[in-house]
Amino acid sequence: MEPVALRPLRVGEILDVAIKLYRNNFGTLVRIVLFVTVPTQILVALLRASTPSDFENTSTTFGSTTVDSTNVDGGKLAAYAVGIALVSIIGLIMGEIASAGCFRAIGGAYLGEEQTWQGSLRYALKRLRSLLWLTIIKNFVIACGLILCVIPGIWLYGAFAVTTPALMLEGVRGRKALRRSRDLVKGRWWPVAGVLLIGTLLTSIVGGAIGALASGVFFANNDPAVDVARAFGSIIGSTLTTPVLAAIVTVLYIDLRVRKEGFDLELLADTVGVDPTGT
């Protein structure tokens, strides 16, 4: 693939370039996500199968579910809570690895360099601790903004849009990555928020539709089959949508640097660690 021309892009062009990068590097991106998602879903399915979920005696009235707290088994409730927590933590960690691997592959694609999925994942794993710490503090700050007053939380969500590319392509970590993203987004919040909203809606709709379609293949009372279908739908949905959102955010990040810093291929080559000449 030829290097992408670095110039300021309009919102529609950002999405167009991201989709082209996704399409041209589809094989590499799919392998990155599949390598992470398949074992994760197997582990999640095993955890769910071994976790008691019948601790509550429920009844449905006018479409709402009520729980008879007098029949709740405390031990089963604790086991269920631990299982849910483990599933959430595993999903968070593996999701960050998959996204970071996609960021690496897409960053290299800007230079016309074909990145291997193995190399991209190794690159991401070396930065896993920093990625998780950045995710924790970013989500904590945004959550505080939403709790105190919704508007600041929404603003922070847009301001912190390119924290992960800043970490992956510049090595900026923790709170410095938050400040870096905020500085890049400053003066461009509305276009950034618009691109994020479109990308998030697109991937959510596609992923939700795939999951619903997979689950709907089986009758609801066939629990093992439904669990398998949900896992399969989650794998397919994540594989198709995770690289799209990573591509959009990467293109957005580079566009901001082009606008504010005259970002060029040589500088990107230094940060990503490849040869922009392809020699």
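Quick rundown of the values:
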item: Whole-Hz couplings from phi, Karplus 6.51/-1.76/1.60, listed for the range 94-108; x for Gly and Pro; result: 5, x, 5, 5, 4, 5, 5, x, 5, 4, 4, 5, 6, x, x
item: Computed accessible area, Ser238, all protein chains, 1.4 angstrom probe, square angstrom; result: 40
item: From phi via Karplus (6.51, -1.76, 1.60), per-residue ³J(HN,Hα) for the range 179-186 in Hz, x at Gly/Pro; result: 5, 4, 4, 4, 5, 5, 6, 3
item: Charge context of Asp16, other residues only, Cβ under 14 angstrom, K/R +1, D/E -1; result: +2
item: Residue-by-residue Karplus 3J(HN,Hα) for the range 236-251, coefficients 6.51, -1.76, 1.60, Hz, glycine and proline x; result: 5, x, 5, 4, 7, 9, 4, x, 5, 5, 5, 5, 4, 5, 5, 4
item: Cα gyration tensor category, rounded, prolate or oblate, for the range 82-157 with a/c compared to 1.5; result: oblate
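The values are calculated or read from the model by the stated rules, or taken from the named source; none is laboratory data. This one's a predicted model, so the numbers in the text were calculated from it and none came from an experiment. We place every Cβ from the backbone using ideal geometry, glycine too, and count neighbours over all the protein chains shown. Side chains are part of the model used for accessible areas, which takes the heavy atoms of the whole protein and leaves out ligands, DNA and RNA. Shrake-Rupley method; radii C 1.70, N 1.55, O 1.52, S 1.80 Å.
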